[in-house]
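Worksheet for the structure shown next.
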Ligand SMILES: Nc1ncnc2c1ncn2[C@@H]1O[C@H](COP(=O)(O)OP(=O)(O)OP(=O)(O)O)[C@@H](O)[C@H]1O
Ligand SMILES: [Mg+2]
């Protein structure tokens, strides 16, 4: 017997037939597949490719992000978290086989903007949000922070079940033996990034995920990101810039945070920077910040959310919940558990449906699956970085993830 | 689940009874009887000490935290329930385990740095090509079914420290006993909280009297007895002769009132005590020679 060589026991192509290509993400590509051996349902296979060094693909060490996702997905099991079927390591690549989800929230939102904007029914939003919070409560109870919640990462099955996906940035937060801020620097797509992170806080808590849920709730209502800032790029010295524009977008709606409402504010590393953010002052002849109430009622009016209308209305309770999720102070921000008990969900004693499409006639289009590249073995991988820097030393797509 | 030991893959897939573990290891040796015969190996417990000491050398060089070291130790132990040592290059396995553990414990090290350090310790056994370590990582993860989250006893120790008003001394000793338990099969046998409790109990009893070890043995026996006594409602356990100190008595009482498997705690204590006996017989050179011989003879270092 020669040297110690890794030989995989299960081969992807022996078990799954690739139907087409779905998406190219930060770490690899996602394919749609069906089982060869009568496994029920469809599958989404996420392929992590090693970094390329020269012509031949080499083992260069698995990225920390892939390690986390593999390890966490192997432990997790909840109806509102994407279900991992198996992991196959083959040909220097990692293949994570997931149950297939036909939709995601981004795709659903986009569908409602075309051809003309038409609102997502209030009851559907309620169910989506409830399921999302339910999955998040499970993650948080198990000390998992997701850290990258955004519409594209929230899958919905054809039966209307919400599944939190993309645990590539998730991590455990109990680890009492060392603080949480070692490792990667900035997390969460900028539009969904919590104010404490924008202000340089390094102690992130489950509250960062709830801010993102608030943003997603708002986006489901208005069909646009509520705080659509422009990302400041990292400079040549690789210092993490202050996201002035993003903060400004938040301030324009919510107003300036105050130390009365958020006592920890003055201790935020970027507190000084915050003072330089332009915002509409009430005194200088302007009407001042919009205010979340105004934003909310305007949104409801223009989307024609009304009791008695086909789309129904999220009502005053919806505003209450949204306000609690978008609380500046992370220590006061509503938790997943509190949110699930909010009157928005519990009033009238009715149960929130576990199928977010219940009672709907809308047929959402199927996920686009292209035939361009359905060879799962293909070596060329557009959109990935050229030079190998494993261990999260890579810098992700600039608008998305920044890693140390 | 991730932070819930009871629903974790650790409990569901990597916790064995002694006989199960015995069978698994026996089965590995039986897979290739000729190989097993050709390369007889020392007591597994001695080899464990050897691997561990090598691993500690590497970890020290790289200033790696104890928790990551513990994780690596568990990975190695799990891996060797799936693969016979004689088919591996243990130096590469343990280097890889440490590399992977660092990532999982949120203190990643660059693969090149890991290989450099490992090569400076074992130049004859670690290939300079980093892709060999990368390949070995696949091997390790695959054999462990991607189940990489490890629950350690340190957490229970920290939790109990406050709840039981443990004195700093006891905590420190218990901590180092937990460090030592990775040299035994205990991580594959019992839940982390059982280990933590055993470590606390040992820490309390070891420093009790001058005949520390004997005291610990007594304590283990006492623990098993007292379970019976407590079940029967006897409140006199705390004044048992073997364990004069009140603090220990109340600790036992606290234990018995809970759901903790006291037999398992006693077992764990015994295992750790016997580790210290085995350690006395340990000699690095014999282990090293044996391992080198297998690796070289079979070309596993290539
Ligand atoms: N289980 C699934 N079923 C169907 N499609 C999926 C599934 N998982 C992922 N996808 C699709 O693949 C895309 C990328 O997946 P994922 O978010 O897990 O990867 P990523 O590399 O982290 O990508 P990104 O950086 O874009 O977030 C998703 O946005 C979705 O369109
Ligand atoms: Mg994604």
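The values are calculated or read from the model by the stated rules, or taken from the named source; none is laboratory data. What you are looking at is a predicted structure, and each value in this text was computed from that prediction instead of being measured. Cβ sites come from the backbone with ideal geometry, for glycine too, and all protein chains shown count toward neighbours.
If the condition is being assigned to a helix (DSSP H, G or I) and away from every other protein chain (no Cβ under 11 Å), then segment B:92-132 contributes B:94, B:95, B:97, B:98, B:116, B:117, B:118, B:119, B:120, B:121. Test residue A:69 against the criterion of being away from ligand 2 (no atom under 16 Å from the Cβ) and farther than 20 Å from residue A:325 by Cβ, and give yes or no. Considered against the rule, which asks whether it is away from ligand 2 (no atom under 16 Å from the Cβ) and farther than 20 Å from residue A:325 by Cβ, residue A:69 comes out as no. Identify the residue in segment A:172-212 that is within 16 Å of ligand 2 (Cβ to nearest atom) and at pLDDT 75 or above and, among all such residues, is farthest from the other protein chains (Cβ to nearest Cβ). Checked segment A:172-212; the qualifying residue farthest from the other protein chains (Cβ to nearest Cβ) is A:191. Checked against the criterion of being touching a residue at least 12 places away in the same chain (Cβ under 8 Å) and away from ligand 1 (no atom under 14 Å from the Cβ), segment A:92-102 has at least one qualifying residue. Considering segment B:141-157, the residues that are facing chain A (nearest Cβ under 9 Å) and not in a loop (DSSP other than H, G, I, E, B) include one that is surrounded by the fewest Cβ atoms within 10 Å (Cβ to Cβ), namely B:155.
Name every residue in segment A:155-173 that is in contact with a helix residue (DSSP H, G or I) (Cβ under 6 Å, 6 or more places away or on another chain) and closer than 18 Å to residue A:129 by Cα, in order of residue number. Once the filter is applied, which keeps residues that are in contact with a helix residue (DSSP H, G or I) (Cβ under 6 Å, 6 or more places away or on another chain) and closer than 18 Å to residue A:129 by Cα, segment A:155-173 yields A:162, A:164, A:165, A:166. Which numbered condition in (1) buried (at least 23 other Cβ atoms within 10 Å of the Cβ); (2) in contact (Cβ under 8 Å) with a residue 40 or more places away in the chain; (3) away from chain A (no Cβ under 13 Å) is the only one that residue B:61 fails? Only one criterion in (1) buried (at least 23 other Cβ atoms within 10 Å of the Cβ); (2) in contact (Cβ under 8 Å) with a residue 40 or more places away in the chain; (3) away from chain A (no Cβ under 13 Å) is unmet by residue B:61, namely (1).
Entry remark, segment A:160-170: residues being more than 8 Å from the chain's Cα centre (by Cα), closer than 19 Å to residue A:190 by Cβ and assigned to a loop (DSSP other than H, G, I, E, B) number 1 in total. Evaluation of residue B:108 against the conditions (1) within 17 Å of the chain's Cα centre (by Cα); (2) modelled with pLDDT under 95; (3) within 24 Å of residue A:92 (Cα to Cα) shows that the sole unmet condition is (1). Where helices (runs of 4 or more DSSP H) fall wholly inside segment A:196-310, the ranges with 1 or more residues that are under 30 Å from residue A:123 (Cα atoms) are A:207-222, A:244-254, A:292-302.
I want to confirm something. Restricting to segment B:18-43 and keeping residues that are surrounded by 14 or more Cβ atoms within 10 Å (Cβ to Cβ) and closer than 29 Å to residue B:119 by Cα, which single residue is nearest to the chain's Cα centre (by Cα)? The selected residue is B:42.
Touching a residue at least 12 places away in the same chain (Cβ under 8 Å), under 21 Å from residue A:70 (Cβ atoms) and not in a helix (DSSP H, G or I) - does that describe any residue in segment B:11-21? Looking through segment B:11-21, at least one residue is touching a residue at least 12 places away in the same chain (Cβ under 8 Å), under 21 Å from residue A:70 (Cβ atoms) and not in a helix (DSSP H, G or I). For segment B:174-202, a residue qualifies if it is within 10 Å of residue B:154 (Cβ to Cβ) and surrounded by fewer than 22 Cβ atoms within 10 Å (Cβ to Cβ), and the qualifying residues are B:175, B:179.
Within the option set A:290, A:340, being in the same structural domain as residue A:247 (by TED's automatic domain parsing) and modelled with pLDDT of 95 or more holds for one residue only, A:340.
Cβ-Cβ distances below 9 Å connect the following pairs, each with a first residue in segment A:58-87 that is free of Cβ contacts under 8 Å to residues at least 60 places away in the same chain, a second residue that is assigned to a loop (DSSP other than H, G, I, E, B) and within 11 Å of ligand 1 (Cβ to nearest atom), and a separation of six or more residues or different chains: A:77/A:83. Quick check, is residue A:81 modelled with pLDDT of 85 or more, under 28 Å from residue A:152 (Cα atoms) and within 16 Å of ligand 2 (Cβ to nearest atom)? Considered against the rule, which asks whether it is modelled with pLDDT of 85 or more, under 28 Å from residue A:152 (Cα atoms) and within 16 Å of ligand 2 (Cβ to nearest atom), residue A:81 comes out as yes. Quick check on this structure: which one of A:91, A:148 is at pLDDT below 95 and either within 15 Å of ligand 2 (Cβ to nearest atom) or within 24 Å of residue A:209 (Cα to Cα) (or both)? None of the others qualify; the one that does is A:148. Taking the conditions exactly as written (buried (at least 20 other Cβ atoms within 10 Å of the Cβ), free of Cβ contacts under 8 Å to residues at least 24 places away in the same chain, more than 9 Å from ligand 1 (Cβ to nearest atom) and more than 26 Å from residue A:215 (Cβ to Cβ)), does residue A:4 satisfy them or not? Taking the combined requirement at face value, the residue satisfies it. Highlighted here are the helices (runs of 4 or more DSSP H) found entirely within segment A:312-375 that include at least 2 residues which are under 25 Å from the mean Cα position of the chain (by Cα) and farther than 22 Å from residue A:143 by Cα: A:315-325, A:343-346.
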